[in-house]
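Report on the structure given below.
The values are calculated or read from the model by the stated rules, or taken from the named source; none is laboratory data. Treat the numbers as computed from the prediction; the structure is a model and nothing was measured. No Cβ is skipped: glycine too gets one built from the backbone with ideal geometry, and neighbour counts run over all protein chains shown. Heavy atoms of the whole protein, side chains included, go into the accessibility calculation; ligands, DNA and RNA do not. Shrake-Rupley method; radii C 1.70, N 1.55, O 1.52, S 1.80 Å.
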Amino acid sequence: MIDSKISLTTNKLVVGYSTPIVKGVDLNIQQGKVTVLIGSNGCGKSTLLKCIARVLSPMSGEVRLNQKSIHQQPAKQVAKKLALLPQGPIAPEGLTVKELVAQGRFPHQGFLRQWSVEDEAAVNEAMQQANITELADKMITDLSGGQRQRCWIAMVLAQQTDIILLDEPTTYLDLKVQVDLLELLSKLAHQHQRTLVLVLHELNLAASYADHLIMMKEGKVYAQGSPLNVFNSENLAAVFGLDAKVMLDPDSTALVCIPNKPFNDKGKP
């Protein structure tokens, strides 16, 4: 059951390995919205996401889930509220689609609570939401990249968490498949009140699907807000070193980034 009062924040968060990568980040993730993290390689996006998901511990500062430090809460309790889909997940050999999706019910299992009618219903609903019901009995290894990614998303949906974190869920997928996946994720937020946090590399897709866009540079938040407020030529130049125009598409009302091409002496590209 989705909790409309759930909150996820970071306070002066510093994360890294031998040296800090994320440096003093304050965030307040918006409920029931799609938040997208963008920035150049090595800026700390994935490191930040891993710390929010408890994969990494902070050097200082904290991540707070419902006003309590997430790293001090029991792992299984957190797993009922927050799910992570890492980049490039690998399924165990020999699993069918339904068996993979059923892995999302692990946080709800226990010594005295085995597979139930509620678990079965959650798995079936997740497959339906991800539009993979007809693939239920197929082997994961027999699917296309886009189909597999939908199966992984169905697995985190079966976990029935309020918050879903996804690290580059569209990497290596064709553009049409990327758009289909982002349409699915947008629907989960806007129609099913899930709170989504995504790391994306595709700038135009990030600007099109984000409700809240966070630009990171050198481990810090450089700018954040609605795409209309932060997705502009000045910020793209500062964060990515990209010389580009940003225009509003009149049909879709989405922002579009178009790199400026250099011209030769004859005025030709």
If I ask for residues that are assigned to a helix (DSSP H, G or I) and among the aromatic types (Phe, Trp, Tyr), which ones from segment 90-138 would you list?
Phe106
For a quick check of your reading of the model, give me the residue pairs whose first member lies in segment 134-147 and is within 11 Å of Leu100 (Cα to Cα), whose second is hydrophobic (A, V, I, L, M, F, W, C) and open to solvent by 10 Å² or more (accessible area, probe 1.4 Å), with beta-carbon atoms closer than 6 Å and at least 6 apart or on different chains.
Ile140/Ala91; Ile140/Leu95
Can you give me the ranges of the strands (runs of 3 or more DSSP E) entirely in segment 187-233 with at least 3 residues that are open to solvent by less than 20 Å² (accessible area, probe 1.4 Å)?
195-199, 212-217
For the structure I just gave you, tell me whether Asp180 is under 28 Å from Lys80 (Cα atoms) and surrounded by 19 or more Cβ atoms within 10 Å (Cβ to Cβ).
no
Kindly provide the set of residues from segment 88-116 that are surrounded by fewer than 17 Cβ atoms within 10 Å (Cβ to Cβ), modelled with pLDDT of 90 or more and closer than 28 Å to Gln73 by Cβ, ordered by number.
Gln103
Flag if Asn124 is open to solvent by 60 Å² or more (accessible area, probe 1.4 Å), farther than 30 Å from Cys43 by Cα and out of contact with any helix residue (DSSP H, G or I) (no Cβ under 7 Å at 6 or more places or on another chain)
yes
Kindly indicate whether Gly61 is at pLDDT 95 or above, at positive phi and surrounded by fewer than 21 Cβ atoms within 10 Å (Cβ to Cβ).
yes
Scan of segment 234-253 for residues that are open to solvent by 80 Å² or more (accessible area, probe 1.4 Å) and closer than 13 Å to Asn204 by Cα, ordered by number:
Lys245, Met247, Leu248, Thr253
Where the second residue is open to solvent by 40 Å² or more (accessible area, probe 1.4 Å) and of a type outside the set (Gly, Ala, Ser) and the first is over 17 Å from Tyr17 (Cβ atoms) and without any contact (Cβ under 8 Å) to a residue 12 or more places away in the chain and lies in segment 55-73, which pairs have Cβ atoms under 9 Å and are six or more apart or on separate chains?
Ser69/Glu62; Gln72/Glu62; Gln73/Arg54; Gln73/Asn66; Gln73/Lys81
